[in-house]
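Since every read-out is calculated from the coordinates, none of them should be taken as a lab result. All figures in this text were calculated on a predicted structure; none of them were measured in a lab. Reconstructed Cβ throughout: ideal geometry from the backbone, glycine too, with neighbour counts over all protein chains shown.
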Amino acid sequence: MTGPAETLSPHRFLVVEGPIGVGKSSLARRLSETYGASLLMENAAENPFLERFYRDPRALALPTQLSFLFQRVRQLRRLKQGELFRPHAVSDYLFAKDRLFARLNLDDDEFELYEEIYRRFVEDLPRPDLVLYLQAPVDVLARRISRRGVPYEQYIRRSYLEQVADAYADFFHHYEEAPLLIVNAASINPVEDDEDYAALLEEIARVRHGRNFFNPAVRYG
């Protein structure tokens, strides 16, 4: 797999987001290589509660959520303090989406506690210059999750995946904190297809503000 030679990103802090299985981590990794940028990755394997959460969501929701919250805060503080050294960064998560999963998974009392902790951190963390939101139907997400074969992900229920996809759609329908590029990830494979990747890089370079859409099937079909 090859791609364009390393070039400077037009955005100092670029975030790739989307529901489980949409391909955000692989794309973030390739973008960081292209731009020579620091890479911030959500390391689900370091969350000691996650596998048990997928087996029994109700019992493990709060510790799972707080573990992710603290992991993300530690990474983003390093970025803000310049400890990652490079002038640009690419991340496979948006900090604000942490609250999306909290609202989805926690009961009201747990969410109230979570909110108190969340508010202590959110104002001090860096905000992205561009967010890529990758969209795909639940059937596509389910196939990709099955194909990549991560053991704990095989416990994800389809009903939960549908809830996650709907929550993402609602979240980004109202999102205005940074420029947004919504990508039809069901009809593009920017990780393995160089032509798709080059087209996406052009879109990323073009976007400076507002809500934008990239649907290769419409544009090139």
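A few comments on the model shown:
- Rounded, prolate or oblate (a/c below 1.5 giving rounded, otherwise prolate when a/b exceeds b/c) for segment 100-221 by Cα gyration tensor: oblate
- Its DSSP H runs of at least 4 residues, each contributing -39,500 (n - 2.57), put the calculated 222 nm mean residue ellipticity of the chain at -15000 deg cm²/dmol, to the nearest 500.
- Relative contact order %, segment 13-220, counting alpha carbon pairs below 8 Å whose residues are six or more apart: 28 percent
- Under the combined filter of DSSP loop state and at most 14 neighbouring Cβ atoms within 10 Å, segment 182-213 retains these trypsin sites (Lys or Arg not before Pro): 208.
- Among the GluC sites (Glu not before Pro) in segment 91-154, none is located in a DSSP loop while being surrounded by at most 11 other Cβ atoms within 10 Å of its own Cβ.
- Overall, the anisotropy analysis places segment 130-171 in the prolate class: the square-rooted eigenvalues a ≥ b ≥ c of its C-alpha gyration tensor yield a/c not less than 1.5, with a/b exceeding b/c.
- Here the 3J(HN,Hα) profile of segment 73-78, calculated from phi with Karplus coefficients 6.51, -1.76 and 1.60 at θ = phi - 60°, is 4, 4, 5, 5, 5, 4 Hz, Gly and Pro shown as x.
- Under-5 Å amide H pairs with residue 182, H placed in peptide plane, nonlocal only: 133, 212, 213, 214
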